[in-house]
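Chemist: Take this structure, written in structure tokens, and hold onto it; I'll ask about it next.
Values quoted throughout were computed directly from the atomic coordinates according to the rules given, and no laboratory measurement underlies them. Since the structure is predicted, the reported quantities are computational estimates derived from the model, not experimental observations. Here the Cβ positions follow ideal geometry from the backbone for every residue, glycine too, while neighbour counts run over all protein chains shown.
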Amino acid sequence: MPAGPTISPEISAAGRVLTSGRPPGSGSGRQPTRSRVSRRASPGTSGWQPPAEVIERLGVSAKTKSVLRRENVFYADVDPGEPGHHLIAWLIASGTSLLQEEVPHQFGIHGILEERLHVMTRMREEVSTRMPRPEETRLLRLRPGVPVLGVWHTSIDQDGQPYELTRFVMRGDMTGLLYDVPVE
């Protein structure tokens, strides 16, 4: 049984920190929560047709509906901090509880993926900053002039294959990045 990720109360996934404008690690006292927004692809379907940026990162087919897409919004207290789009190759996701409204595994998505023999041994994150799109401004309740961070998180398994991709959009006024990663 996989051990699952250990995430401190202030950190949401892979070192991204939801704060109240303070530097990472300063202890914002805010409580992270998650709200599932939607799942694009339901049992019996063949997945979601991904755009080129997803096809390139996951190595999936450009000709078929080859990806399961799950959407979540992560909050710091009541403030929306980051919407996340979890993208998983349909060949891996089909026939699993990833198709259910709520993932019934104690270690979430990655617990199910480990049961499918995809153990994360490496991750890659691409981070950029930009001004938000109008729908992001509404969803994140941003004040004028507040930028967002765009993050592509790629989970890579024991065979060196990407198997899960998450696209996060994070508020620039509530997010810091803190990475503490061993170097081999």
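Chemist: With the crude spin-label approximation of a point 7 Å out along Cα→Cβ, what separation in nm comes out for ARG116 versus LEU178?
Modeler: That separation, rounded to one decimal, is 3.2 nm.
Chemist: Which of ARG70, ARG116, ARG122 has the fewest other C-beta atoms within 10 Å, and how do the rest follow up to the most?
Modeler: On the way: ARG70 23, ARG116 16, ARG122 11.
Ascending number of Cβ neighbours within 10 Å: ARG122, ARG116, ARG70.
Chemist: Then there's this: Report, by chain and number, residues whose modeled amide H sits under 5 Å from the one on GLU82, excluding near sequence neighbours (fewer than 5 apart, same chain).
Modeler: PHE74
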